[in-house]
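First the structure, in the form of structure tokens, and then the observations on it.
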Amino acid sequence: MPDSQLSKQYTWESVEDKWYKHWLESGTFHADAHSDKPPYTIVIPPPNVTGVLTMGHVLNNTIQDILIRKARMEGKNACWIPGTDHASIATEGKVTAKLEKDGISKKDISREEFLKHAWAWKDEYGGIIIRQLKKLGCSCDWERERFTMDEGYSKAVLEAFVKLYERGLIYRGHRLVNWCPASQSAISDEEVNHKEVNGKLWHFRYPVEDSDESVIVATTRPETMLGDTAVAVHPDDKRYKHLHGKSVLLPLTDRKIPIITDEYVDIEFGTGCLKVTPAHDPNDFELGEKHALDFINIMNADATLNDNVPKPYRNLSREEARKIVLEDLDKKGSLEKTEEHLHKVGYSERGNVPIEYYLSDQWFVRMKDLADPAIEVVKSGKIKFHPEHWTKTYDHWMENIKDWCISRQLIWGHRIPVWYCRGGDKDQCQIECKEPVVSIAKPDACSVCGSKDMVQDPDVLDTWASSWLWPFGVHNWPVESDDLKTFYPTDVLVTGPDIIFFWVARMIMAGQEFCGDIPFSDVYFTSILRDEKGQKFSKSLGNSPDPFDLFEKYGTDAVRFGMMLMAPQGLDVLFSETRLEVGRNFMNKLWNAARFVQMNLHETELPSGELDIPSLDLPERWILFRLNQTIEQFNRRLNEFHFNEAAKTLYEFTWSDFCDWYVEIAKTRFQSGDAAKADVARKVAVKVLKDILKMLHPYAPFMTEELWESFKIETESNLITTPWPESTSSQDIQDEIASMDVLKEVISAVRTIRSRMNVPPASKANVLVRSPNGSSEVLKEYESIVKSLAKVEDMTMGDSIEKPDHAATAVIRKMEIFVPLEGLIDLDVERTRLTKRQTELDGFIIQIQKKLSNDNFLLRAPEDVVQKEKEKLADMESELERINSNLEMLS
């Protein structure tokens with residue numbers, strides 16, 4: 001037994017720091033690569049090094065911690081590998097902003113100087129989220145913490161590039177890419193957010209060469225007309241048959257461009273004429289390649305117009321150019337009309353500016369050969385998605401996969417391991433020297449001309465081209481290490497569905513390509529967090545609470561448990577602090593129950609020894625049976641990744657069966673004077689309590705470890721490594737369960753009558769039970785429990801008992817329960833009180849009914865206001881029904 005009793009209240013502030021420090025110092029989180037235990041591995045989705053803890057992180061990492069703590073208690077070699085992602089664009093943006101604040105322009109310093117500033121920024125701010133994850137209670141193997149730009153991981157990233165290049169899966173191409181003018185870098189399709197914009201559709205008139213005719217084209221981007229190289233019509237469009245093979249004169253320029261025919265053109269849309277700008281539109285790009293058109297890039301990297309446009313428009317921003325192009329077209333009579341137009345515009349996720357489709361030299365990965373095996377392992381069930389419906393989304397994307405642009409025009413990141421010969425130390429550099437050399441190390445000299453003037457490609461790799469290696473890159477692949485052999489493949493990945501393409505699909509491809517095996521067996525997709533209005537949590541809306549404010553208000557365990565209660569698999573989470581209050585109340589309820597049990601233990605030692613279950617009384621057999629049922633259901637739901645259902649199962653058993661019923665029954669045992677019954681109750685209460693703590697530990701690690709310290713015996717370890725509870729095959733005691741249900745229902749019925757009839761808490765009632773066929777036997781056997789829990793003075797049972805005057809009645813399984821009210825309450829006072837409330841409710845109900853029958857109110861009032869009025873009406877009608885029933889009893 002511990003020297004001190006549990007405090008009256010659970011104070012989480014000191015408990016949380018104490019136990020996390022203990023776990024770290026004892027090495028509990030660290031896994032041994034040479035252990036004989038079966039490995040169980042999770043790799044954390046590495047948060048951006050720029051990040052701070054959000055409610056999304058709380059949800060995601062609590063789930064991972066539940067899985068890893070359960071595995072550790074199951075005796076597995078549990079290894080949860082933490083780390084952070086260098087986040088190229090995000091970090092470069094933060095560093096650039098800091099430099100500008102200090103009066104330094106990124107353009108004015110060298111690459112090496114910028115990287116010094118970036119590393120300094122990372123060292124100062126990059127560890128914030130790691131410290132926050134520790135505060136959340138994450139039991140990560142911190143000795144294995146990785147960063148995607150640390151030395152070993154960087155080698156893995158570059159090695160993967162070289163291997164794919166040697167396999168012919170990486171190539172350099174001059175292609176159209178999504179371009180972010182803010183970061184002046186290529187970005188992937190998945191980094192583009194499409195927003196609906198109220199814009200305009202402008203119609204232009206292009207004159208046909210050597211003719212009085214014109215064709216009319218339409219666009220939402222007037223400035224791009226300066227890069228048009230054709231007008232396309234459908235070959236079967238009779239309106240333009242006579243124009244096939246002719247040209248139009250492009251307004252504002254001195255160019256003529258051909259009229260081409262292609263079935264891609266929609267005859268029914270607009271005029272049936274399509275302006276073609278191959279260097280600035282993906283569909284036009286394909287038309288340009290198909291028809292061998294000119295590709296005229298009219299943009300600089302910052303989205304200003306370049307020297308490929310007429311002088312009046314050069315160096316203008318795209319917005320300025322649009323304004324002047326429209327003015328000039330109007331002056332020339334070429335602006336036919338302008339229409340309001342709702343359309344979608346692609347925005348850079350990081351830069352938050354409209355993207356450009358930009359023609360540039362980039363590095364690409366051929367994805368088809370990598371995608372086919374990755375499709376098969378999911379279709380075959382070798383990798384399972386939870387919820388399963390995400391499989392369709394995955395399959396659709398994978399079967400329509402495009403080559404991946406992996407180069408980024410940034411400084412912070414893994415620099416592409418490609419070298420070019422400049423030949424600055426040679427009089428003549430040969431044509432062949434222009435071929436790139438792909439190598440991690442700088443080549444000593446050009447293999448063609450012998451020049452030592454070799455320069456590295458300035459671009460860096462897409463962040464996802466490093467994190468796709470995460471499950472094995474954390475183990476310094478391609479080096480054959482004990483960690484790689486033991487902890488790869490991993491077991492479960494927990495992540496958000498928003499990065500199913502960015503990351504999940506690519507990890508599956510990388511695992512099979514580089515290691516010949518899948519990276520994980522199960523993928524659990526977390527829910528999207530929304531506020532009570534259904535809006536997605538976002539910084540811009542300001543509707544996402546700070547987790548640390550919640551930790552301080554409710555305690556970390558309560559936040560973790562409350563989050564799990566509101567996170568059903570496959571459905572969005574409607575976040576509500578009410579659920580966190582439920583979590584906090586649950587922690588307090590369990591703490592108080594544990595304190596009560598501890599106060600009633602012998603001072604010198606905890607109860608020990610096996611329980612002879614068949615010899616136990618009904619309440620003890622019942623609670624142990626329900627415990628076994630709960631363990632079985634809890635484990636099954638966790639194994640199915642139904643974390644909220646598992647939490648509810650444990651919550652309901654703990655709150656209702658254990659705290660509300662068995663602890664109250666145990667109290668009667670402790671006060672009965674029967675030492676044998678009291679000892680059995682102590683053993684049972686401690687047994688049940690300890691199994692509750694074991695199950696709850698992965699959800700609420702701090703409080704459970706603190707309580708465990710008060711109930712563990714000398715031979716037991718800390719809770720974090722105590723064996724996990726497993727259900728046993730117990731004999732069927734359904735008849736006895738039914739008897740216990742009768743006992744509970746009778747007690748509840750008497751309690752309900754006392755509450756409804758406003759019986760003072762200190763007053764004891766008399767109870768009469770009319771029961772045919774001896775159905776009240778269980779009440780006779782456990783009469784003392786009924787009297788204690790229902791506050792009954794005297795209980796009379798028989799099959800011919802008459803109902804007393806002024807008695808409240810309840811019917812329980814053919815038994816009639818009578819509670820005489822005369823002498824228990826002042827009948828006249830109670831009638832007056834109820835009649836007054838009856839009159840009030842009648843008035844309120846009439847008012848609300850009038851309001852809800854008013855069409856004007858229903859049309860004008862916000863939906864939530866109308867709903868509240870309906871709920872208020874339902875509550876009042878329910879209360880009125882109870883009052884009428886009570887008045888009938890008193891009549």
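Rounded to the nearest percent, how much of the accessible area of region 230-283 (1.4 Å probe, protein heavy atoms only) is carbon and sulfur?
Exposed carbon and sulfur together represent 52 percent of the surface.
Given points 7 Å out from each Cα along the Cα-Cβ axis, report the Arg837 to Lys8 separation in nanometres with one decimal.
That separation, rounded to one decimal, is 3.1 nm.
Relative to the Cα centre, what is the charge dipole magnitude of region 239-366, using +1 at the beta carbon of each Lys and Arg, -1 at the beta carbon of each Asp and Glu, and rounding to the nearest 20 debye?
380 debye
Return the whole-Å distance between the Cα centroid of region 1-51 and the Cα centroid of region 834-872.
Between the Cα centres of region 1-51 and region 834-872 lies a distance of 52 Å.
Whenever you get a sec, line up Ile846, Ile44 from highest to lowest accessible area (probe 1.4 Å, protein heavy atoms).
Highest to lowest solvent-accessible surface, that is Ile846, Ile44.
Could you pull out every one of the lysines with an alpha carbon less than 22 Å from that of Lys787, ignoring same-chain neighbours closer than 8 positions?
Qualifying lysines at Cα under 22 Å: Lys667, Lys677, Lys744, Lys764, Lys803, Lys814.
Ignoring ligands and nucleic acids, what accessible area does Lys332 show with a 1.4 Å probe (Å², nearest 10)?
Looks like 130 Å² after rounding.
Any idea what the dipole of region 769-891 comes to, in debye rounded to 20, about its Cα centre with Lys/Arg Cβ at +1 and Asp/Glu Cβ at -1?
340 debye
Please list Thr495, Thr28 in order of solvent-accessible area, largest first, computed with a 1.4 Å probe with all protein chains present.
Thr28, Thr495
Along the Cα-to-C-beta direction of Trp142, a point sits 7 Å from the Cα; which residues of region 700-721 have their amide N less than 16 Å from that point?
Answer for this model: 702.
Tell me which residues come under 5 Å, amide H to amide H, from Asn77 once H is placed; ignore anything under 5 positions away on its chain.
Tyr40
Compute the accessible area per residue over the chain, keeping the other protein chains in place, probe 1.4 Å, unit Å².
46 Å²
Under a cut-off of 12 Å between alpha-carbon atoms, report the aspartates and glutamates in cross-link reach of Lys323, not counting same-chain residues fewer than 8 places apart.
Glu223
Order the following by accessible area, largest value first: Asp657, Asp189. Probe radius 1.4 Å; ligands, DNA and RNA are ignored.
Asp189, Asp657
Residue by residue through region 784-790, which ³J(HN,Hα) values in whole Hz follow from phi under the Karplus form 6.51 cos²θ - 1.76 cosθ + 1.60 (θ = phi - 60°), with glycine and proline marked x?
Running phi through 6.51 cos²θ - 1.76 cosθ + 1.60 with θ = phi - 60° gives 4, 5, 4, 4, 5, 6, 9 Hz.
May I ask for the angle, rounded to the nearest 10°, between helix 111-125 and the longest principal axis of the chain, with both axes built from Cα atoms and the value confined to 0 to 90°?
Between the helix axis and the principal axis of the chain, the angle is about 10 degrees.
So between Ser447 and Asn297, what do we pick up on full extension, going 0.36 nm a residue minus the alpha carbon distance?
Length gained between Ser447 and Asn297: 50.6 nm.
Using each residue's phi in region 90-98, evaluate 6.51 cos²θ - 1.76 cosθ + 1.60 at θ = phi - 60° and report the 3J(HN,Hα) Karplus result to the nearest Hz, with x for Gly and Pro.
5, 5, 4, x, 5, 5, 4, 5, 5
At a 1.4 Å probe, what is the % contribution of carbon and sulfur to the accessible area of region 666-810?
Reported share for carbon and sulfur atoms: 45 percent.
If each of Lys850 and Asp572 carries a label point 7 Å out from its Cα toward its Cβ, how far apart are those two points in nm?
In this crude label model, Lys850 to Asp572 measures out at 3.8 nm.
Search the structure for amide H atoms under 5 Å from the amide H of Ala87, placed 1.01 Å from N in the peptide plane, and list their residues when 5 or more places away or on another chain.
Val49
Using the Karplus curve 6.51 cos²θ - 1.76 cosθ + 1.60 with θ = phi - 60°, what ³J(HN,Hα) values do you get for each residue of region 393-407, in whole Hz, with x for Gly and Pro?
4, 4, 4, 4, 5, 5, 6, 10, 5, 10, 4, 9, 7, 9, 9
How much solvent-accessible surface does Lys382 expose, in Å² to the nearest 10, with a 1.4 Å probe and all protein chains in place?
Spelled out: Lys382, probe radius 1.4 Å, area about 110 Å².
Nearest 0.05, what FRET efficiency do Glu802 and Ala738 give at R0 = 25 Å with Cβ-Cβ as r?
The formula returns an efficiency of 0.35 here.
What is the set of long-range amide H partners of His697 at a cut-off below 5 Å, with H atoms built 1.01 Å from backbone N?
It is none; the list stays empty.
Using a 1.4 Å probe and ignoring any ligands, DNA or RNA, find the accessible area of Arg756 and quote it in Å² to the nearest 10.
Surface accessible to solvent at Arg756 totals approximately 80 Å².
Sticking with the crude label model, points 7 Å out along Cα→Cβ, report the distance from His203 to Thr393 in nm, one decimal please.
4.1 nm
What percentage of the solvent-accessible surface of region 81-176, computed with a 1.4 Å probe over protein heavy atoms, is contributed by carbon and sulfur atoms?
Roughly 48 percent, rounded to a whole number.
Relative to the Cα centre, what is the charge dipole magnitude of the chain, using +1 at the beta carbon of each Lys and Arg, -1 at the beta carbon of each Asp and Glu, and rounding to the nearest 20 debye?
Dipole magnitude for the chain comes out near 1040 debye.
Rounded to the nearest 500, what is the 222 nm mean residue ellipticity of the chain from helices alone, with -39500 (n - 2.57) per DSSP H run of 4+ residues and division by all residues?
-13000 deg cm²/dmol
If contacts are Cα pairs under 8 angstrom and at least 6 residues apart, what is the relative contact order of region 334-409 in percent?
RCO, region 334-409: 37 percent.
Over 20 Å between Cα atoms, which of Lys76/Lys687; Lys368/Lys392; Lys384/Lys485 qualify?
Long pairs (Cα-Cα over 20 Å): Lys76/Lys687; Lys384/Lys485.
Applying a 10 Å radius around every beta-carbon, put 562-571, 720-729 in order of their mean neighbour count, most first.
562-571, 720-729
The values are calculated or read from the model by the stated rules, or taken from the named source; none is laboratory data. Since we're looking at a predicted model, the values are computed, not measured. A quick note on method: Cβ atoms are made from the backbone with ideal geometry, for glycine too, and the neighbour counts reach across all protein chains shown. With ligands, DNA and RNA removed, areas are computed over all heavy atoms of the protein, side chains included. Shrake-Rupley method; radii C 1.70, N 1.55, O 1.52, S 1.80 Å.
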